[in-house]
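Asks: Once you've had a glance at the structure underneath, I'll fire off some questions.
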Amino acid sequence: MSVGILALNTLVDARIRAVLPAGIEMVTGYSYEDLTDSAPAILARIVPQGVYPAEQSGRTAALVAQYTLFVEFDQERLSTADESAGYQFFDDALAQIAGWAYAPGRFAQFIHSPTPMAYDGRIWRVEFSFSVPVFVTGNT
């Protein structure tokens, strides 16, 4: 494998954190949502969605690792400045992924996001998904 999945997760996390503004918390993976008054009004969440086959020839397989970035806005505690910062972060994160290659020829690609927007009466969520190629050569 050119880059291990854990190392790739770290690269993706660092790529998006590079544009994370102060006041927005970011976590990796699924975790509980802290809706207390001391929590930030905006939470970003980068979630690995899995590794899926793309093609295979003999012992060499091309896979894609898929990720989704969720940005969640707590409508009960959100200020206008928070909202602007959250949407700017979302735009900046899109730009960080567009055209990004973690290694020569290993470009990220945007893919269909299962639920690009959602609202549950309190939390407004926007998201985008992308994939990154991974190559594996089997042992003999």
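Computed from the coordinates by the stated procedures, all read-outs in this text should not be read as laboratory data. Everything quoted here is computed from the prediction, not taken from an experiment. Cβ: placed from backbone, ideal geometry, glycine included. Neighbour counts: every protein chain shown.
Asks: Residue farthest toward the positive end of the dipole of the chain, with Cβ of Lys/Arg at +1 and Asp/Glu at -1: which of G58, V132, F70?
Replies: Checked the options; the winner is G58.
Asks: Output the 0 to 90 degree angle, nearest 10, between the alpha-carbon long axis of helix 80-97 and the longest principal axis computed from the alpha carbons of the chain.
Replies: 10 degrees
Asks: Oh, and also: Can you tell me, using C-alpha contacts under 8 Å and at least 6 residues apart, the relative contact order of the chain as a whole percent?
Replies: It rounds to 27 percent for the chain.
Asks: Taking R0 as 25 Å, what's the FRET efficiency between T36 and L6 from their Cβ-Cβ distance, rounded to 0.05?
Replies: Given R0 = 25 Å and the Cβ-Cβ separation, E is 0.20.
Asks: A further question follows. Report the longest stretch of the chain that contains none of the GluC sites (Glu not before Pro) sitting in a DSSP loop with at most 14 other Cβ atoms within 10 Å.
Replies: Result, exposed sites excluded: 77-140.
Asks: Same structure again: Looking at (i) 16.7, 59; (ii) 17.0, 56; (iii) 42.3, 133, which value of Rg and Dmax of the Cα atoms in Å comes from a calculation on the structure shown?
Replies: Answer by label: (i).
Asks: Working out 0.36 nm times the residue gap between Q109 and L94, then minus their Cα-Cα distance, what length gain in nm do you get to one decimal?
Replies: 4.3 nm
Asks: Quick one: helix 5-17 against the long Cα principal axis of the chain, what's the angle to the nearest 10°, folded into 0 to 90?
Replies: It works out to around 40 degrees.
Asks: Around D91, under 14 Å between beta carbons, what's the net of Lys plus Arg minus Asp minus Glu among the other residues?
Replies: Value of the local net charge: -3.
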